[in-house]
Amino acid sequence: MNEPTGRRERKKAQTRKALADAALRLFTERGFDNVGVRDVAEAADVAVTTLFKHFPSKEALVFDEDEGQEAALVAAVHDRAPGRSVLHALRDHLAQTRMAAGRDTPEFGTFVALVDSTPALQEYMHRMWLRHEKALVTALTEATGAPEGDIRTAALARFVMESPSLVRGRSDPQKALREVFDLLEHGWGNAPF
């Protein structure tokens, strides 16, 4: 008989996590370019074909939360409380996820160092972020009724997507994020420069 979907999904999630954890450990220890997908599969005790069922590329192993991040970003727009602005919903979403606890841990620092030192991972992250930005533009267009191709919607999506990198490394990233979103909401009108 068929296995229950819940159990199957849990098993897939466990395998996916084992692969991502093994990849990050190996990439950190040996360097991204010195580790092959076969090494990762062996470390996770799965076949290479299983690895590719879960991850389309070697680079994707590092960004294992890619799909979930995009879905959560779109949900922040679509599932916001009635009367709540899109801008406030996105600010709060980023404050809770992109600036969340754990981002200031040594493990996260190791992840950032790995990505920053590996051109292939930087390129992959850039392409991934562009996909997320396009998904956000679509969600904003649907939520606000803006015409397709509206430059304001595209600009808002771009600034929202760039805000975490702008505030990373600041002494108070939460405060810096609020300042970025205050600027997006109120503009440069009263700025002293």
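The values are calculated or read from the model by the stated rules, or taken from the named source; none is laboratory data. Quantities reported herein were computed from a predicted structural model and do not represent experimental measurements. Counting neighbours? That spans all protein chains shown, and the Cβs are built from the backbone with ideal geometry, glycine included. These area figures cover heavy atoms from the full protein model, side chains too; ligands, DNA and RNA do not enter into them. Shrake-Rupley method; radii C 1.70, N 1.55, O 1.52, S 1.80 Å.
Couple of notes before you dig in:
- Mean Cα-pair separation over length for the chain, i.e. relative contact order, pairs under 8 Å, 6 or more apart, %: 19
- (i) 11; (ii) 40; (iii) 29, with the label sought being that of the calculated percent of Cα pairs over 31 Å apart: (iii)
- Projecting label points 7 angstrom from Cα along Cα→Cβ for Glu179 and Val112 puts them 1.7 nm apart.
- Mean ellipticity per residue at 222 nm, deg cm²/dmol - from DSSP H runs of n ≥ 4 across the chain, formula -39500 (n - 2.57): -22500 deg cm²/dmol
- Residues Thr105 and Val48, FRET efficiency given R0 of 30 Å [Cβ-Cβ distance, rounded to 0.05]: 0.45
- For the set Trp188, Trp129, the ranking by accessible area, highest first and with no ligand, DNA or RNA atoms included, is Trp188, Trp129 under a 1.4 Å probe.
- Computed accessible area, Thr144, all protein chains, 1.4 angstrom probe, square angstrom: 80
- Projecting label points 7 angstrom from Cα along Cα→Cβ for Ala155 and Glu65 puts them 3.1 nm apart.
- Solvent-accessible area of the chain (1.4 angstrom probe, protein heavy atoms only): carbon and sulfur portion equals 53 percent.
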